[in-house]
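Here is the structure we will look at, set down as structure tokens.
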């Protein structure tokens, strides 16, 4: 794969740098926010156990959205269970591969145990799958009662909006009818969670920064905010095993806001460019997991294509690692964007080749636990990662006259539709 010339790369960077300040984008963000608060309020009134508070999360609220405002993520925190001292984490027993990112949760208060008895197993664990199914039903009911006004640009079908329970979030799709964005589908992901005080013992982040370190203040700020446990229908093997998964979304929102606060530096732009490249090459960045549990064989046909293993969250994780090891502003100037992007891609590439994709916050927490899963083929993804990384090398001063930036970018990645 050829190296991008400066003009083509600059054009692509500018296109990937989505305009969050466009009036209609702001209008969409504001309307989605009010819609979610109305929805969350209805859920809490319908079932007092599900009284909650809402936390925005994901790329839109981190100002890292690329391309268009087509997806919004929210954490719906259960108030009753988020009170200090009500819940405790417990290691999942009898696991072939230990992973501190996945835990059971037990209710320690007797009064709360009585209130939540429907959702507590015989082993004393909160049942995330039962909670998620009830959460899904409450959302469905809310959408039939919340009728959009005639002049509301945000629409949903009150007679049957498709509300799906995925592996972790409950999802729905709404439609926006504006001027720039007409008949525009917006995906909403709602993650049910519990806010936990303090910081996980398994994390080593505090040991990695000393008091005189420039990163010390922001790291300790995020640690003081605590962490979250999100309800999941699957465990570390990717198979059905309801449990609770550690989440650092709130912490990441704080740290990313701090890192990206200087508009003259390229932290935000670097990550946006990589997210667009990942999405454009999603099919080639997939992993193939053997479906029958056998050893990997190039001649075996029964594989499951996993496109989410190298998700935008993995990119964000590697971005945080790149920043952590290169915190100086001088390394994030405009002329460093290719180098930083290559550094992040190399971290992803090396993690895939080692079959060891780790959390930024907890080293033993695997974002994709290869050891717990069936045999997984990585060659396709590794090859594509290398190809993209090499294409971001610094170009030579002179380029061929018969090779225009337009044809160059088109040949490398096809026509990128950015709206």
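The values are calculated or read from the model by the stated rules, or taken from the named source; none is laboratory data. Worth saying up front: this structure is predicted, and the values here are computed from it rather than measured. Because the Cβ atoms are built from the backbone with ideal geometry, glycine has one as well, and the counts that use them run over all protein chains shown.
Summary of values
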{"read-out": "Check on residue 210, in a loop (DSSP other than H, G, I, E, B) and in contact with a helix residue (DSSP H, G or I) (Cβ under 6 Å, 6 or more places away or on another chain)", "value": "no"}
{"read-out": "Per-region count, region 106-141, residues out of contact with any helix residue (DSSP H, G or I) (no Cβ under 8 Å at 6 or more places or on another chain) and within 14 Å of residue 241 (Cβ to Cβ)", "value": "6"}
{"read-out": "Restricting region 213-251 to residues that are in a helix (DSSP H, G or I) and in contact with a strand residue (DSSP E or B) (Cβ under 8 Å, 6 or more places away or on another chain), the residue that is farthest from residue 317 (Cα to Cα)", "value": "250"}
{"read-out": "Which listed residue is closer than 21 Å to residue 154 by Cα and either in contact (Cβ under 8 Å) with a residue 24 or more places away in the chain or touching a strand residue (DSSP E or B) at 6+ places or on another chain (Cβ under 8 Å) (or both), from 64, 81, 39", "value": "39"}
{"read-out": "For residue 324: the one exception among (1) under 16 Å from residue 392 (Cα atoms); (2) under 23 Å from the mean Cα position of the chain (by Cα)", "value": "(1)"}
{"read-out": "Checking residue 246 against (1) out of contact with any helix residue (DSSP H, G or I) (no Cβ under 8 Å at 6 or more places or on another chain); (2) closer than 27 Å to residue 341 by Cβ; (3) touching a residue at least 60 places away in the same chain (Cβ under 8 Å), the condition it does not meet", "value": "(2)"}
{"read-out": "Top-ranked residue in region 201-217 [being closer than 22 Å to residue 358 by Cα and free of Cβ contacts under 8 Å to residues at least 12 places away in the same chain; ranked as surrounded by the fewest Cβ atoms within 10 Å (Cβ to Cβ)]", "value": "207"}
{"read-out": "Residues being under 24 Å from residue 307 (Cβ atoms) and surrounded by fewer than 17 Cβ atoms within 10 Å (Cβ to Cβ) - total across region 330-374", "value": "7"}
{"read-out": "Enumeration of residues in region 174-193 that are buried (at least 16 other Cβ atoms within 10 Å of the Cβ), in contact with a strand residue (DSSP E or B) (Cβ under 9 Å, 6 or more places away or on another chain) and over 26 Å from residue 236 (Cβ atoms)", "value": "174, 175, 176, 178, 184, 186, 188"}
{"read-out": "Enumeration of residues in region 6-18 that are crowded, with 18+ Cβ neighbours inside 10 Å and in a loop (DSSP other than H, G, I, E, B)", "value": "18"}
{"read-out": "In region 19-65, the residues that are over 30 Å from residue 269 (Cα atoms), surrounded by fewer than 18 Cβ atoms within 10 Å (Cβ to Cβ) and either modelled with pLDDT under 95 or under 22 Å from the mean Cα position of the chain (by Cα) (or both)", "value": "37, 53"}
{"read-out": "Search result, residues across region 256-267 that are over 15 Å from the mean Cα position of the chain (by Cα), farther than 18 Å from residue 347 by Cα and not in a loop (DSSP other than H, G, I, E, B)", "value": "257, 258, 259"}
{"read-out": "Unique residue being surrounded by fewer than 22 Cβ atoms within 10 Å (Cβ to Cβ) and farther than 19 Å from residue 101 by Cα when the list is 266, 254, 234", "value": "254"}
{"read-out": "Residue among 106, 137, 164 that is surrounded by 13 or more Cβ atoms within 10 Å (Cβ to Cβ) and touching a strand residue (DSSP E or B) at 6+ places or on another chain (Cβ under 6 Å)", "value": "106"}
{"read-out": "Scan of region 91-103 for residues that are touching a strand residue (DSSP E or B) at 6+ places or on another chain (Cβ under 7 Å) and surrounded by 15 or more Cβ atoms within 10 Å (Cβ to Cβ), ordered by number", "value": "92, 99, 101, 102, 103"}
